[in-house]
Structures are given as C-alpha cells and as structure tokens.
Amino acid sequence: MESRAKRRPRDPDATREVILEAARTLLAKDGPEGISLSEVAHLAGVNRGTAYQHFETREKLIEATVAWASDKLFRAAFGDPETVSERRFEEEDIAAMTERLTAFAMENHELCRVWLLQVLASPDPAQDPFWREYCGSLERWAASDLAVPGIDAEVLSVMNLAGIFLWPIWARAHAENDAGRAALAQRFADETLRLSMYGSLRADAYPGIAERLSRRRK
C-alpha cells in the first residue's frame, strides 16, 4: 500500500506576502474605508482564520501593508536599509536614483499609489522609513552648497513623489506594451532631472517673481 503524499510544509512568510499583495490591490481600488479582512483573505486565496492569524484587525493589516510598501520603495531607491547609515548624500548618483524609483513606480503603480495616499495623509509621515530617508536626504542636500538657496525640501519631496507615483497612471493609459511604458518612465525621469537642473522660468524674464521669491526666502 502506497503511503500518502506528505503535506507541503506551511510557509508563513509566503502566506503573509500573498495577503499583503491582496491588501495592496484592494487599498488601491477601494481605499482604507472599503477594505476588510474577509475580502482580503478571499482575494489572497486563504481562509479568514489564516488572515486573522497574521493580522488581528483591519487597521493592523492596513498599517502592515503601508510598511511593506515603504520597505520595497526604500530598497528600490536606496538599497538595503541596514547599510543606509553608510550612505553620503554628496556621493549619491541622483540621476540613477531618480531612474530607479521611476522605473519601480512604473512596474508597481498600485503599491506606490497606496503608499502615497496613506503616508501623505498621515499625521506624522516621519514615522515612515522611506519618507524619512527621502525627505531627509533632500533636506541635507538643500542645506549643502550643492543646491541653490531657499529650497523647501518637504514641499519638493511631495512634488517629486506625487509626480513619480502618479505618472504611471498616464503611462499605462497611453502605452500599449512594456517597451512603451519603459520609454515613458525614462521621459519622466529625464524631465524631473532637467527641471531640477535648469528650472523652467528664466529669472531675467520674470524679475518680479524673482524678487518675490528672494524676499520670502529671506
């Protein structure tokens, strides 16, 4: 008599990942108000009890999903969080980092949109590791002699990330294949860098605006 096939060993980490993927999809579709553990479990293909073993409440699931997204963003932009203290913003390849983040957003648009809407609506975005490192890097750069004076690093961080994470919505509506989306991602990265490098208004053509900004900076 043949012995029964052994059950496949459980993989809690893989199950957690599947649940978080499902939560990300539903958060992007319905927002935090429209998500429930039952719906997430159904989409993930696990029973509700398993979902509750990993996340006791809907709030903890949403919190974990945002943290999961933040970690993926951090790694895409800056690499291993364990080695972040070894980074020096003066040596950062700004062009490469911008291209990495833009390319990641193009392929993970739902994850990025979930992170953006949840963290920027948070009463304390500084609790999020990716936001803290991204905005902190810009603050350190803005205070150095590598940047023009008067930059508001927090505003610039929101503008950059909102553009990077929302551009894929446009791209996916206007590109039919991966090559087209990759080209649109590169266009966005290039324009972000061009705008940062050269701006868009000639100061000598708009003396009134230049004077106003100078007064406010002081």
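The values are calculated or read from the model by the stated rules, or taken from the named source; none is laboratory data. Just so you know, these numbers come straight off a predicted model, no measurement behind them. Note that each Cβ is placed from the backbone with ideal geometry, even for glycine, and that neighbours are counted across all protein chains shown. Keep in mind that these areas ignore ligands, DNA and RNA; they rest on the heavy atoms of the full protein, side chains included. Shrake-Rupley method; radii C 1.70, N 1.55, O 1.52, S 1.80 Å.
State yes or no: is Val18 in a loop (DSSP other than H, G, I, E, B) and either out of contact with any Cys (no Cβ under 6 Å at 6 or more places or on another chain) or farther than 25 Å from Gln127 by Cβ (or both)? For Val18, the condition - in a loop (DSSP other than H, G, I, E, B) and either out of contact with any Cys (no Cβ under 6 Å at 6 or more places or on another chain) or farther than 25 Å from Gln127 by Cβ (or both) - is not met. For the range 65-118, a residue qualifies if it is among the β-branched types (Val, Ile, Thr) and either touching a helix residue (DSSP H, G or I) at 6+ places or on another chain (Cβ under 9 Å) or over 30 Å from Asp145 (Cβ atoms) (or both), and the qualifying residues are Thr65, Val66, Val84, Ile94, Thr98, Thr102, Val114.
Note on the range 84-131: residues that are farther than 19 Å from Ala142 by Cβ, of a type in the set (Asp, Glu), part of a helix (DSSP H, G or I) and open to solvent by 60 Å² or more (accessible area, probe 1.4 Å) amount to 3.
Working only within the range 8-47, note down all residues that are small (Gly, Ala, Ser) and either more than 14 Å from Thr65 (Cα to Cα) or in contact with a Phe, Trp or Tyr (Cβ under 9 Å, 6 or more places away or on another chain) (or both). Ala14, Ala23, Gly34, Ser38, Ala41, Gly45, listed by residue number.
Scanning the range 30-53 for residues that are at pLDDT 90 or above, open to solvent by 40 Å² or more (accessible area, probe 1.4 Å) and within 24 Å of the chain's Cα centre (by Cα) turns up just one, Leu43. Ala171 satisfies every condition listed in (1) more than 30 Å from Glu59 (Cβ to Cβ); (2) open to solvent by 20 Å² or more (accessible area, probe 1.4 Å); (3) of a type in the set (A, V, I, L, M, F, W, C) except (2).
To keep it simple, each residue is scored yes or no on (1) open to solvent by less than 60 Å² (accessible area, probe 1.4 Å); (2) closer than 27 Å to Arg88 by Cβ; (3) of a type in the set (A, V, I, L, M, F, W, C).
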residue	(1), (2), (3)
Ile151	yes, yes, yes
Trp167	yes, no, yes
Tyr198	no, yes, no
Arg212	no, no, no
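Among the numbered conditions (1) within 24 Å of Ala95 (Cβ to Cβ); (2) in a helix (DSSP H, G or I), the only one that Asp204 does not meet is (1).
Determine whether Glu191 is open to solvent by 30 Å² or more (accessible area, probe 1.4 Å), touching a Cys at 6+ places or on another chain (Cβ under 8 Å) and under 27 Å from Glu110 (Cβ atoms). The answer is no for Glu191. Arg181 falls short on exactly one of the conditions (1) among the charged types (D, E, K, R); (2) closer than 16 Å to Ile94 by Cα; (3) surrounded by 14 or more Cβ atoms within 10 Å (Cβ to Cβ), and that condition is (2). Would you confirm whether any residue within the range 187-199 is more than 21 Å from Glu99 (Cα to Cα) and of a type in the set (D, E, K, R)? No, the range 187-199 contains no residue that is more than 21 Å from Glu99 (Cα to Cα) and of a type in the set (D, E, K, R). Selection of the range 54-75 for residues being open to solvent by 20 Å² or more (accessible area, probe 1.4 Å) and not in a helix (DSSP H, G or I) yields Glu56, Thr57.
For Arg140, the conditions (1) open to solvent by 30 Å² or more (accessible area, probe 1.4 Å); (2) part of a loop (DSSP other than H, G, I, E, B) all hold with the exception of (2).
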